[in-house]
Structures are given as C-alpha cells and as structure tokens.
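Take a look at the structure below.
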C-alpha cells in the first residue's frame, strides 16, 4: 500500500459523512505511516520474539546440589551443625584441609626426631654421641639415611654394632 495523499484521505473521510479538517487529514496520514512501520518491525522481530519465547530461564540447581552434597559428604562425622548445614560444613572443611596439610608436614618432622632419638640412644650405649656418629658416617661415605639406620638399630642390632665398629676403625 502506497502512502495516501491528502485528497484521497479527504474523499474517504467525506464518504463516511464527515467534513475533515486539514489537521484531521494530517493525523490520519501519520497514523497510517506509523502502522506500516510497526508492521515492518513486527515482521523483523518476529523471529527474535519466537526465540525469546522458546528460551526459558535456566537454573543451575543440579550442579549446585551436587556441589553441596559433595561438601556435606566430606564433612561426615563432624560435630553438630558442621556436618548438617552447608555453610558451617564448608567453613569447617576448609579449616580441616588446612590442618591436614600442616599435619602432613608435621608428621615428617616428628618421624625425623624419632629416628634421631633412637640413633642417639643406640650410639650412647656404644660410647658415641649422635653428632659424632653422623660425622663419621659422612666421612666413611656410607649412604644410609636416618630412617634406615633407625630400623637397623631396632631390627638388626648386630649389623648396627658392626657398622659402628667399621666407622670408628675405618682401616
């Protein structure tokens, strides 16, 4: 449909039994132009409207539930709300993981202290100090660590005694 001219609009409105003024004719023409624009934009946006109607809001509920269940499962056995409520369980789990990391490092220190204590005790029975014994081991270029020496003291005391004799009298 083409743009109507003023003469056509006047004829149409006078056929309805009205005597139109110039302002009414202009208003009618602008209304018809606006309707044409809306129809064109409606056709263009029809596809996008269709897509937006189809796409529903996606919730992340399954992933959230799975994440929370995993944390609550790890918090099993904690006291009170620390194994029931997600927030407190998460906080306690973070602290627990920190403590366990520190504990793994502490364990290595504790075992080294234990081995040194065992070696010191065994060396003093033979008339040596621990530090002198370790110095002699290094000088004799014997490649045994403290753990192996400590196990030797407990399970094979006769071998440890021969080792001390060899270290004290290298030739």
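Here, each number is a calculation from the coordinates, and none is a lab measurement. In this text the structure is predicted, and so the values were computed from the model without any measurement.
Scaled against 2.2 N^0.38 Å for its residue count N, the alpha carbon radius of gyration of the chain is 2.97.
On the principal axes of its alpha-carbon atoms, the stretch 107-146 has extents of 30, 23, 11 Å, going from largest to smallest. Under the rule of -39500 (n - 2.57) per DSSP H run of 4 or more residues, summed and divided by the residues of the chain, what mean residue ellipticity at 222 nm is obtained, to the nearest 500 deg cm²/dmol? Rounded to the nearest 500, the figure is -25500 deg cm²/dmol. Measuring spread by the Cα atoms of the stretch 87-168 yields a radius of gyration and Dmax of 18.5, 63 Å.
Once the Cα atoms are used to define both axes, helix 61-74 deviates from the longest principal axis of the chain by about 20 degrees.
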